[in-house]
Every structure is written in C-alpha cells, then in structure tokens.
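The values are calculated or read from the model by the stated rules, or taken from the named source; none is laboratory data. These numbers come from a predicted model, not from an experiment. For neighbour counting, all protein chains shown are included, and Cβ atoms are generated from backbone atoms with ideal geometry for every residue, glycine included. Side chains are part of the model used for accessible areas, which takes the heavy atoms of the whole protein and leaves out ligands, DNA and RNA. Shrake-Rupley method; radii C 1.70, N 1.55, O 1.52, S 1.80 Å.
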Amino acid sequence: MSLILPINIEDLLNCQGVESSRIEFKAGWGDETTGFQVLKTICAFANDLQNLNGGYIIIGVEEREGRAVLPPKGISPEKIDHIQKWVGGNSNRIDPVFKPVMSPEVVSGKHILVIRAPGSDTRPHRAPEAKKGGEKKYFVRIGSETVDAAKKNVLNDLMQLTAKVPFDDRRALQATTDDLRESRVREFLNDIRSGLLEDENTRETYRKLRITSSANGHDVPRNIGLLLFSEDPDIWFPGTRIEVVQFADDASGNVIEEKIFRGGIHEQLKNALTFLETISSPHLEKQEYSFRVKGWVSYPVPALREALVNAVYHKSYETSQEPVKVYLYPDRIEIISYPGPVPGIELEHLMPVPSVPPVPARNRRIGEFLKELRLAEGRGTGLPRIYRAMSENGSQTPSFDFDEGRSYFRVTLSAHPEYIAISAMRDAAHLKALGNDADAFRRIENAWKSLPASPSLASEYIRLLGATGQLEDAKMAFSKFKEQAPDHFHHFVSNVLIDVLLDAGRKDEAKKLLDRQPMYLASADAVDAAILARRLDNEEKAHRYFERAGDAVLNDVRALHEFAQTKLKLAQEMKNSRRWNSNRRLLREAKELLERAVRMDADRVRRAWAWSDLGKVKHWLKHPAHEVTTAYERAIELFPEEQKFKEYLDKWKNTSGRNKGQGNRRQ
C-alpha cells in the first residue's frame, strides 16, 4: 500500500473514485518525448481549469481506450529513479515553479511510478512545449487531453482564476489542527482503503491528504479538513447541514416531521440518504399473460442520491449560510442548495441530453473526496443518471430550476404516479376513519386533478362522486380520464362507472357502457365485467367474460361463486329448452367451481351461500342424499341467521322423502 498517495492504487488504476479524464497512462519513458509530454500535463493539472483538483500520471502502464491495460507493463527500478530525478529537476522550468508528488508503486510484481499533480494555489502556470529552449505556454486539461489554452480559446478563463484558490481548498487561519478529529480522518482513510492509514505520523498524514497547509511556520487546517473532519462544520461555516422537512397534504402546509443531519459533510450526506431511502418504498405488480413481475419505487434511489450529492457538492460554503434543504411533499421531493449554479451554466445545459460547458466547479476538494467515497460520480454524469433513473422507473421527468439572480438551485423529483395515488387513497381512508368525509373527498379530488390519467385515482374519484349522487361529474371525470390515459386502462375505470350507474338505478346507461366493452379484456377487468353483466341479467355475456378471465377466476372466491351461479342460471335455461346434454355439462362445471370455492378463505356469508348452491347442484345431479344434506347443513352452520338455508334443507328432505316413498310403493 502507498504511504504517499491518498487514494488506493488499485482504485486509481481502475479509474474508481477518480475520473478517467484525470488520469494519464504512459507505457514507457523517453526524456525528450515522454518527459516533455509529462511536464505539459503536470502544468495542465496544476492549472486545474475546471476545479477538479488536478490529476495523476501513471508511468509503466499501457492505455487502451482510456483504460489501463492490466497487469501493468512496468519499468525497472533504475528507470523509476531516473524519471523522478528528471521530473524533479525539470519541474523548476514550470513557471511559477510547481512540484508534483511522486510515488513509486509495485502492482502485480511490476514497478510503476505515479505522479500526482493537485490543483495549484499559485496558478496559472506555464511549461515548455518541447525540449530545452522551447516556448513556454499555458496548458490546460480539456476532457482527457492536454491542450494549449490559447489555441482552445480558454486562456482568458484561466487568467480569471489567477491565484484564486477555491474556498474548500483555502487555509482556515481561524482554526488549528486540533480542531480536526484524527479518528474521523482514519475512518475516512479506511473507507477508501488508502495506504496513508498505516502512517502513524498524524502531521504527515494530514499533509499528504492535503487537509492542512503551512502558514507562518506552522500547520493550519484547510477548509476541506474542517468540512469533513471537524466535530461540527456548522460552527465554522454556518449552514453546513442538511435539513429534511416533511409536509402534510393540507391547506395549512403543516409539518409532519423535521430532521437535521450534522457532522462531516460526507457523514451527513450518508445519513440523509439512508433516511430518504426509507421513503422510497418498492411495489411489485404481476404482469398479465407473463411470468414477469414489473416493479417500481416511489422515488428511484439513484435519482435521490445524485440530486442530494450534487446539492452538497455544488453548494457554496463561503457565501451562503442556508443549509441544503430537502422538502418532502405527498407528490414530490424538492432538493434545494444555495446559491444557484456558477456563471456559464444555463437551464438548456440541464436538459435530458445535457451538455455542461467546461466551467470551473465551485468546490474542487469536496468533489474529490465524495468521488473517492463512491458518493459522487465523474463530472457531468449526475444529470444523465437522474434522468435515466426516473425514466426507467416510469416516473415523470425531473425538473431543474434557479432564479435570475442565481440565489438557489432546485431539483424536483415527482413521485411515481401510482405512489401518488396510493398515498392519496391511504390519506383519504385515514380521514374517513376519523369521520372527516369532506377532507377525504378533497384529498382524492385534488390528487386526481393533478393526475387525471391515474386509473386508481380516477376510479376512486368516480366512486366518491357516485356515492354523493354527482353522476354527471362522474361521467365527466371518466371522459377526461379517457382523453389522457392509455387505452389499456380504460376498461378498468369503465367498469367502475358501470357499477356506479347500476347503484344509482340507471341500468340503461350502464348497459350501453358495458356493450362498448370489448370481449377480450385483461383477467381482472374481465372478472369485473362478468359480475356487472350478471347485475344486468345478461348471463351469457357474463359467462363469456368469466371464461376470458382464465386463472384469475380460480384465485378469487367471489368470481368462482358468481361464475358457478351463472352456470346454474344457464343450466336452468338449457333444461327449459330441453337441451339436456348442455344442462348436465353446466351443472357439473358449476359443481367443480363451488367445491373449490368452499375450500377457500372467505367471509362466512360467502362460504355459506356457496355451500347452499353446492347442495342445490348436487340435488340436481342426483348425488347421494347425505352429500346434499351435508352441504345444506354446512351453510346453516356458517350462517344460521339466514332462514332460507333451513327452508332449502326442509324442502330437500320432503322431496327426498316423497321420492323414496314412491320408490317403495313401486316395489
């Protein structure tokens, strides 16, 4: 393990925790070729145009498509010694002088040299373009290339950064190294698997990690050290915390819960993310005609993670005393940081296919540490990740906004549409249980107005309108739903409206609507349509829908029972028209359905009627008398309050007795 580099060497070689654009691989070495290329790249990393805190040059490792070819090719220890002397001597030719950190490493038994060039406090720097006597130029890093700043028209941008050290990398002269907690530093080094963990010299560890700096002959913390490793950064930089506030869905905007996360910014970020993940509840839905299960979550964790990490990363800890704020509403999450984006970033750069210009980041050290902890990704990857996570989850497109004065930056993540529906119906049920029917209705109505294409919300809203006699409003709600919802959701909500119309005694309207339903419906919709057809006395249509429903009938005790009753009705029609074969077939099929129904879990009334119907069908199929009697007795046992069961049993006994007597006389 390296006792010089802050990052684990394996992670560095695999571009984990550091963007590949901040790493340059060199397979071999030549003083007049590789040497001057390395010198220019050291200069470019030191100039740190985008405030990414420089980068690394790794010598002895081949590169293919921006990635290291492992195991490394390696170079001899003698060559490494020569390279260090060459780089150390020629670094004096960088103007102003800049000395990189060099760390010989051994990987897979091969010797390599890592040159680390962090962002400089004395930029801009110039370096010779070629061998001795070459003109000195300002080099910068654009993507994964080292280029002449003047030729790329970014020299003015670089000059504006003259001797400007980002706030998170400045010296904190108001504090001492005693304000850093060594235990937290060691914990961080352990998390990133850094070899610095083995260095027992605390002062040297802090220096190598670059969380302290020399000032007037003694060491002082850098702001990044206080932000991550002090007891409470909020003392040094007011507003260094994350506040999470959950609001109720009512007119007053009452606060349900408020949480404040403190500590090092990486610690508060981890804890806040853990809390937010608890509200991202998963849901699974079995797909029709498929063994697959479709899943969605209320808020996709990758989107939550990226949005909050970006807020912490890009907040100003110098000019703003406002904390990062997370507002939880029933239908969305808003994550707000202060101030807005740095100049050069506009809203069009934040579209689904973002093209963020190469403007300097506000904080170069915070980003570096968060990446090493795997909390942040490479530059420019956060926005695509948020868009992709929301899209793959079936959620609405995220939105980003900031005001003209760039006083804030807000990310809004809408909850999954069905989560909004579930949440609204759960809230409404709670309000109804408290006897607050008016607020329960308003909760559903407001939720439906924001999501009129939601089948569950539309159905519940139509039911509530029907219950209060607002049938025309219910029909208008259905029309608006049909305009916006996909066709395959129409049938489910249509069944709900038919049910409402039937309850209101408007059978003609209900029949017309049912007639518009196609015969090929999804299983659950087919079951509902079948039951509605029965209510409209159309047993043949009900039978066809039950048959279309397939296995959905077998797992629904009500559907089983009503399907059996439909067959009994049709069997009676077959008997009246003397179609005996059809009559017997339907009766046998009804018996099989009822025998399954009485074995299933159901309320006692449903099971009692199923037993009664089973007694009836066994009577018609001329089963042994004790089977018919047992069926009626089971119905009476389950639901003794129903007098009809006793009447059916008495009638059966009388009929059975007469038939038996007639048989004896014939003998």
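Points worth noting:
- Residues in region 565-579 that are in a helix (DSSP H, G or I) and either aliphatic (A, V, I, L, M) or at pLDDT below 90 (or both): LEU568, LEU570, ALA571, MET574, LYS575, ASN576.
- Candidates in region 372-413 are the residues that are within 12 Å of the chain's Cα centre (by Cα) and of a type in the set (Ser, Thr, Tyr); of these, the one that is most open to solvent (accessible area, probe 1.4 Å) is SER391.
- Counting the residues of region 207-218 that are under 42 Å from the mean Cα position of the chain (by Cα), farther than 16 Å from ILE7 by Cβ and not small (Gly, Ala, Ser) gives 1.
- In region 445-467, the residues that are among the hydroxyl-bearing types (Ser, Thr, Tyr) reach residues that are assigned to a loop (DSSP other than H, G, I, E, B) and open to solvent by 20 Å² or more (accessible area, probe 1.4 Å) with C-beta atoms within less than 9 angstrom, at least six apart or across chains, in these pairs: SER450/ASP331.
- When restricted to residues that are outside any loop (DSSP other than H, G, I, E, B) and in contact with a helix residue (DSSP H, G or I) (Cβ under 9 Å, 6 or more places away or on another chain), region 143-175 contains 9.
- ILE142 vs. criteria open to solvent by 20 Å² or more (accessible area, probe 1.4 Å) and hydrophobic (A, V, I, L, M, F, W, C): yes
- Exactly one residue out of PRO358, PRO330 is modelled with pLDDT under 95, within 26 Å of GLY405 (Cβ to Cβ), touching a strand residue (DSSP E or B) at 6+ places or on another chain (Cβ under 9 Å) and open to solvent by 10 Å² or more (accessible area, probe 1.4 Å), and it is PRO358.
- Annotation for region 403-414: no member residue is part of a loop (DSSP other than H, G, I, E, B), touching a Lys or Arg at 6+ places or on another chain (Cβ under 8 Å) and modelled with pLDDT of 90 or more.
- Taking the criterion of being surrounded by 18 or more Cβ atoms within 10 Å (Cβ to Cβ) and of a type in the set (Ser, Thr, Tyr), the residues of region 202-242 that qualify are THR205, TYR206, THR212, SER213, SER230, THR240.
- The set of residues in region 502-518 that are buried (at least 21 other Cβ atoms within 10 Å of the Cβ) and either at pLDDT 95 or above or small (Gly, Ala, Ser) (or both) contains only ALA510.
- Failed item, numbered, when LYS591 is tested on (1) assigned to a helix (DSSP H, G or I); (2) among the basic types (Lys, Arg); (3) open to solvent by 80 Å² or more (accessible area, probe 1.4 Å): (3)
- Residue ID - surrounded by the fewest Cβ atoms within 10 Å (Cβ to Cβ), chosen from residues in region 7-51 that are assigned to a loop (DSSP other than H, G, I, E, B), β-branched (Val, Ile, Thr) and in contact with an Asp or Glu (Cβ under 9 Å, 6 or more places away or on another chain): VAL18
- Considering residues of region 182-204 that are assigned to a loop (DSSP other than H, G, I, E, B) and not basic (Lys, Arg) only, the residue nearest to LEU375 (Cα to Cα): ILE192
- Helices (runs of 4 or more DSSP H) completely within region 463-564 that count 1 or more residues being closer than 30 Å to SER450 by Cα: 471-484, 487-503, 507-515, 523-535
- Contacts under 7 angstrom Cβ, first residue in region 619-644 being of a type in the set (Ser, Thr, Tyr), partner open to solvent by 60 Å² or more (accessible area, probe 1.4 Å), 6 or more apart: TYR632/TYR648
- Subset of region 333-347 (residues that are under 24 Å from the mean Cα position of the chain (by Cα) and open to solvent by 60 Å² or more (accessible area, probe 1.4 Å)): LEU347
Residue by residue, here is whether (1) hydrophobic (A, V, I, L, M, F, W, C); (2) touching a Leu at 6+ places or on another chain (Cβ under 9 Å) holds:
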residue: SER395; (1), (2): no, yes
residue: GLY405; (1), (2): no, no
residue: LEU413; (1), (2): yes, yes
residue: SER423; (1), (2): no, no
residue: ALA428; (1), (2): yes, yes
residue: ILE444; (1), (2): yes, yes
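- Residue within region 606-613 that is acidic (Asp, Glu) and over 25 Å from LEU521 (Cβ atoms) present: yes
- Filtered by the rule that a residue be open to solvent by 10 Å² or more (accessible area, probe 1.4 Å) and part of a strand (DSSP E or B), region 102-115 gives MET102, PRO104, GLU105, VAL106, LYS110, HIS111.
- Residue count for region 158-183, restricted to those that are out of contact with any Pro (no Cβ under 8 Å at 6 or more places or on another chain) and either among the hydrophobic types (A, V, I, L, M, F, W, C) or open to solvent by 20 Å² or more (accessible area, probe 1.4 Å) (or both): 12.
- Among the residues listed as LEU521, LEU457, LEU554, the single one being in contact with a Leu (Cβ under 9 Å, 6 or more places away or on another chain), under 28 Å from ALA597 (Cβ atoms) and modelled with pLDDT under 95: LEU554
- All positions within region 52-76 that are open to solvent by 10 Å² or more (accessible area, probe 1.4 Å), over 40 Å from the mean Cα position of the chain (by Cα) and touching a residue at least 40 places away in the same chain (Cβ under 8 Å): LYS73, ILE75
- Residue check, PRO96 surrounded by fewer than 19 Cβ atoms within 10 Å (Cβ to Cβ) and within 18 Å of GLU10 (Cα to Cα): no
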